[in-house]
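Please read the structure below before turning to the comments.
Just so it is clear, none of the values below were taken in a lab; they were calculated from the coordinates. In this text the structure is predicted, and so the values were computed from the model without any measurement. Methodologically, a virtual Cβ is constructed for each residue, glycine included, from the backbone with ideal geometry; neighbour enumeration extends over all protein chains shown.
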Amino acid sequence: RDRDLSLILLLYGAGLRISEACQLLWENMSLKARTMLVVGKGQKERRVALLNIVVESLHRLPKESRYVFT
C-alpha cells in the first residue's frame, strides 16, 4: 500500500522515529520545497529535507485527515 511505503521511506530516508512519523501533520509538510517540520523528543522542532522518492510517495496519499498517517 502507498501508506505503508510512504511510512517506511520516511522512517529510513528522513531519519524519523516511529512516534515522530505518527504525529506528522499535513500543515507541517512542504512537498513543493521538499521539507517538513518534525516535532521530536521534548517537543523540539527540526526541519528535515525530503528525498524525491519520499515526496512522490506522499503525493499519492489521501489528504483527508489532519495527520499524514491515520
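Below is a table of values for the structure above.
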read-out: For the stretch 1-55, average projected area of the Cα convex hull in nm²; value: 3.5 nm²
read-out: Within straight-line cross-link reach of residue 44, aspartates and glutamates at Cα separation under 14 Å, skipping those fewer than 8 residues along the same chain; value: 20
read-out: Relative contact order computed over the chain (Cα-Cα under 8 Å; 6+ residues apart), in percent; value: 39 percent
read-out: Nearest-ten-degree value, helix 2-13 long axis tilted from longest Cα axis of the chain; value: 40 degrees
read-out: For residue 22, net neighbour charge (Lys/Arg +1, Asp/Glu -1) across residues whose Cβ lies under 13 Å away; value: +2
read-out: Nearby lysines by direct alpha-carbon distance to residue 32 (threshold 18 angstrom, same-chain neighbours under 8 apart not counted); value: 63
